[in-house]
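Visitor: Mind looking over this structure? Questions follow.
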């Protein structure tokens, strides 16, 4: 499996990971604040459609699909950024059983071309942290890993991603 994000012609970002199960445990890492904070951000994800999804790292939205332990989807908004706000994008997490492992598919839709590349590096960073956390290992340092992946994605897409926000 290729760990790098795929970006389609609509600037949707998709990443796939196989994680140790059971599926309910992986679901907890996506929805339970005490697990979410280990790999992503302090925050909250409501357990019902229409509820709040809010992350201390600067994103918020509303839950649009909630089907434990297989599907979680929410809108994604980032306000007050120097590059401009990101409004009404959509993050979708799908979990399926894959033997003793769990196949996680993350899709982030409705991004601009540049934001698709930037979010690819960001989601890749966080999924590396999720994989380590679910596996019981110490997750990589967020900013160091992001800087490395930002450089790699910039080279892949011939874009300078190092410009400051």
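The values are calculated or read from the model by the stated rules, or taken from the named source; none is laboratory data. Please read all numbers here as calculations on a predicted model, not as lab measurements. All Cβ positions, even for glycine, are placed from backbone atoms using ideal geometry, and neighbour counts span all protein chains on display.
Visitor: Give me a count of the residues in segment 23-75 that are within 16 Å of residue 131 (Cα to Cα) and buried (at least 18 other Cβ atoms within 10 Å of the Cβ).
Guide: Number satisfying all stated conditions: 10.
Visitor: Then there's this: Restricting to segment 62-101, count the residues that are part of a strand (DSSP E or B) and at positive phi. Before the answer, list the steps.
Guide: If we filter segment 62-101 for residues that are part of a strand (DSSP E or B), which is where we start, we get 62-67, 71-78, 86-98, 101.
So of that shortlist, the ones also at positive phi come out as 88.
Final tally of qualifying residues: 1.
Visitor: Filter segment 135-150 for residues that are out of contact with any strand residue (DSSP E or B) (no Cβ under 7 Å at 6 or more places or on another chain) and outside any helix (DSSP H, G or I) and give the result.
Guide: Result: 136, 137, 138, 139, 140, 141.
Visitor: Let me ask another. Can you name the condition, by its number, that residue 65 falls short on among (1) in contact with a helix residue (DSSP H, G or I) (Cβ under 8 Å, 6 or more places away or on another chain); (2) within 16 Å of residue 94 (Cα to Cα)?
Guide: (1)
Visitor: Can you pull out every residue in segment 107-129 that is part of a strand (DSSP E or B), surrounded by fewer than 21 Cβ atoms within 10 Å (Cβ to Cβ) and within 9 Å of the chain's Cα centre (by Cα)? Give the derivation first.
Guide: Applying the first criterion (part of a strand (DSSP E or B)) to segment 107-129 yields 107-109.
Of the ones still in play, those that are also surrounded by fewer than 21 Cβ atoms within 10 Å (Cβ to Cβ) are 107, 109.
If the condition is that a residue be part of a strand (DSSP E or B), surrounded by fewer than 21 Cβ atoms within 10 Å (Cβ to Cβ) and within 9 Å of the chain's Cα centre (by Cα), then 107 is the only one that fits.
Visitor: Further question on the same structure: In segment 82-91, is there at least one residue being in contact with a strand residue (DSSP E or B) (Cβ under 8 Å, 6 or more places away or on another chain), in contact (Cβ under 8 Å) with a residue 24 or more places away in the chain and under 18 Å from residue 18 (Cα atoms)?
Guide: Within segment 82-91, not a single residue is in contact with a strand residue (DSSP E or B) (Cβ under 8 Å, 6 or more places away or on another chain), in contact (Cβ under 8 Å) with a residue 24 or more places away in the chain and under 18 Å from residue 18 (Cα atoms).
This table checks each residue for (1) at pLDDT 95 or above; (2) within 30 Å of residue 156 (Cβ to Cβ).
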position	(1), (2)
1	no, yes
19	yes, yes
26	yes, yes
31	yes, no
45	yes, no
60	yes, yes
70	yes, no
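Visitor: Within segment 5-23, can you find the residues that are in a loop (DSSP other than H, G, I, E, B) and more than 21 Å from residue 76 (Cα to Cα)?
Guide: Of everything in segment 5-23, those that are in a loop (DSSP other than H, G, I, E, B) and more than 21 Å from residue 76 (Cα to Cα) turn out to be 21, 22.
Matching residues to (1) at pLDDT 95 or above; (2) under 21 Å from residue 16 (Cβ atoms):
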position	(1), (2)
101	yes, yes
107	yes, yes
122	yes, yes
139	yes, yes
147	no, no
150	no, yes
154	no, no
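Visitor: Out of (1) in contact with a strand residue (DSSP E or B) (Cβ under 8 Å, 6 or more places away or on another chain); (2) at pLDDT 95 or above, what's the single condition that is false for residue 115?
Guide: (2)
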